[in-house]
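One structure below.
Taken together, the values in this text are just the output of simple stated rules run on the coordinates, not laboratory data. Predicted model, so just to flag it, every value in this text is computed and none were measured. Glycine gets a Cβ as well: all are built from the backbone with ideal geometry, and neighbour counts include every protein chain shown.
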Amino acid sequence: MTETPDDLDAYARELDEAHIFHSWSAQTPAHAAAVSIKSGLGSRVWDHAGNQYLDFSSQHVNVNLGHQHPALLDAIRVQSQLLATISPPTANITRGEAAKRLAAIAPDGFNRVFFTNGGSDANENAMRMARLYTGRDKILSAYRSYHGNTGSSIVATGDPRRIPNEFARGHVHFFGPYLYRSEFWATTPEQESERALQHLRRVVEAEGPQSIAAVLLEPVPGTPGVMLPPPGYLSGVRQLCDEYGILLIFDEVMCGFGRTGEWFAFDAFDARPDLITFAKGVNSGYVPIGGVIIDDPIAAFFNERVFPGGLTYSGHPLAAATVVASLDTIASEGILDHVRDIGENHLGPSLRALAERHPSIGEVRGRGVFWVLELVTDRQTREPVPAATMARIRAGLVERGLLPFVSENRIHVFPPCVVTAAEIAEAVVIYDAVLTSELR
Ligand code: PLP
């Protein structure tokens, strides 16, 4: 019999280093500094030694209902005892109930759902639907975006992870609004909106509107830095798409399901998409799932035509059961109201107060439990804090008991939707201490 090692955290890291091939990384130097996580509850996780961490990244920005929510665990238990898996072409109540609930929270006229394994293949299939429906080829998406890691999704992605992966064709990028670092010399949100729309119009005209199947957009871009759309931007994109018969796909994979205090982030803005992609927060990631919610005319287009796509785990019952439990819990526990209260009365004000004490915080932006601190070496020049300093900030936060989401020169503040005001106060003390020690 193998002996159980004394130091289980060291053992977890040893296994990780020996056998896990990691995402988006060179494999050496190894991940010696990786946090070992044994268990979790609500907004916290623990290692084997009993050290606790506030999970202010919600893992991969997916654990919206927090760790080990009893309703979700119960849904998995009940479904696993009934039937643990099933193939896509069968009718199944759990899968159907999940789709029915997603249709109910989407705008009127969205009645069908295509389930996938996660967000990348949700976007992959939404783009395929748009191309088949319009008979056009090109997909327009923003440079500041992340849409996933499959063939077309990684090329639709704007961030530099796209570049070594450019094997799909028909993808064109444009700049979305980002007033703090405006590409358009804008000084007000209104100007930024108008000029970003004019830029998009020029890209559409230059590419040939008749060749464009869809515009794919995160209504509030997450990984690129939580840029809330300025007034009129999303509705302006909608109008432009309508003018040229282009479909609009909203990627709600990260920003949906309570993160901004809405079911869908676009609910707070005046625009209706044709396809909605989802994953992550739809079931807090307890079992992998994603999908596309499809507007009726697009779904009907495939009534007599074959949709050439499918997945073994499309609508997996364990995942579907957690979708049902998760959407019911968001409604029954008043999670959307809670997130709005947290954003407006706790998280937003305390991050702004932090910015008053730290000149290194160039801008605080966000809503709900979807915030970012943009760190600069100089508020006038807005020079980003260098990568080496950001690495020290990340390590300092972990050392003080907070799991952060750090990207480029930004600390993204992404706690679970169930975070409490007391946990926010605790986290702000940690951010404060680390910024003081690293940037003063
Ligand atoms: N779309 C957005 C906006 C995302 O943030 C992500 C993942 O972070 C994806 C798509 C890809 O989802 P997945 O990693 O589940 O494939």
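So if a site counts as exposed when it's one of the GluC sites (Glu not before Pro), its DSSP state isn't H, G, I, E or B, and it has at most 10 other Cβ atoms within 10 Å, what's the longest stretch of the chain without one?
Longest run free of exposed loop sites: 4-165.
Roughly how many debye, to the nearest 20, is the charge dipole of the range 70-332 about its Cα centre, given +1 on each Lys and Arg Cβ, -1 on each Asp and Glu Cβ, and no other charges? All intermediate terms of the calculation are to be shown ahead of the outcome.
Numbers: 22 positive and 27 negative charges, 120 e Å.
In total the dipole reaches around 580 debye.
When only alpha-carbon atoms are used, what values of Rg and Dmax, in angstrom, describe the chain?
21.8, 70
Using only alpha carbon pairs under 8 Å that are at least six residues apart, calculate the relative contact order of the range 21-131 and give it in whole percent. Working shown, then result.
Numbers: 59 pairs, mean separation 13.3, N = 111.
Over the range 21-131, the number comes to 12 percent.
What ranking do 77, 101, 440 get, fewest neighbouring Cβ atoms within 10 angstrom at the top?
Ordered by Cβ neighbours within 10 Å, fewest first: 440, 77, 101.
With N denoting the number of residues in the range 70-332, provide Rg(C-alpha) divided by 2.2 N^0.38 Å, to two decimal places.
On the way: Rg = 18.2 Å, N = 263, 2.2 N^0.38 = 18.3 Å.
The reported ratio for this selection is 0.99.
Indicate the gyration tensor shape class of the range 157-214 (rounded, prolate or oblate), computed on the Cα atoms with a ≥ b ≥ c the square roots of the eigenvalues: a/c under 1.5 is rounded; otherwise a/b larger than b/c is prolate and the rest oblate.
It comes out oblate by the Cα gyration axes.
Would you mind working out the magnitude of the charge dipole of the range 290-440 relative to its Cα centre, with +1 at each Lys and Arg C-beta and -1 at each Asp and Glu C-beta, to the nearest 20 Debye?
For the range 290-440, the charge dipole is close to 500 debye.
Would you grab the residues whose amide H sits under 5 Å from the one on residue 405? Only those 5+ places off in sequence or on another chain, please, with H modelled 1.01 Å from N.
Long-range HN contacts for residue 405: 412, 414.
Could you work out the helix-only [θ] at 222 nm for the chain, with each DSSP H run of four or more residues adding -39,500 (n - 2.57) and the total divided by the number of residues, to the nearest 500 deg cm²/dmol?
On the way: 14 runs with 166 residues, N = 440.
Calculated mean residue ellipticity at 222 nm is -11500 deg cm²/dmol.
Would you mind pulling out the separation of the Cα centroids of the range 381-425 and the range 241-269, in Å?
Answer, in whole Å: 26.
Please report the relative contact order for the chain, taking Cα pairs under 8 Å with a sequence separation of at least 6, and give it as a percent rounded to a whole number.
Details: 858 pairs, mean separation 89.8, N = 440.
Relative contact order of the chain: 20 percent.
Once the other residues with Cβ under 13 Å from the Cβ of residue 98 are scored (Lys, Arg +1; Asp, Glu -1), what is the net sum?
+2
Below 8 Å between Cα atoms, with a sequence gap of 6+, how large is the relative contact order for the range 70-332 in percent?
With pairs under 8 Å counted, the relative contact order is 30 percent.
Using a Förster radius of 30 Å, what is the FRET efficiency between residue 47 and residue 74 based on their Cβ-Cβ separation? Nearest 0.05, please.
Computed FRET efficiency for residue 47 and residue 74: 0.70.
Test of understanding: ordering 138, 280, 38 by Cβ neighbours within 10 Å, fewest first, what list do you get?
The order, fewest Cβ neighbours first, is 38, 138, 280.
Output the DSSP H helices from the chain with an along-axis C-alpha extent of no less than 15 Å and a mean Kyte-Doolittle hydropathy no less than -1.0.
8-19, 70-82, 93-105, 119-134, 233-244, 317-332, 387-399, 421-439
Report the label-to-label distance for residue 191 and residue 15 in nanometres (one decimal), using points 7 Å from each Cα along the Cα→Cβ vector.
5.6
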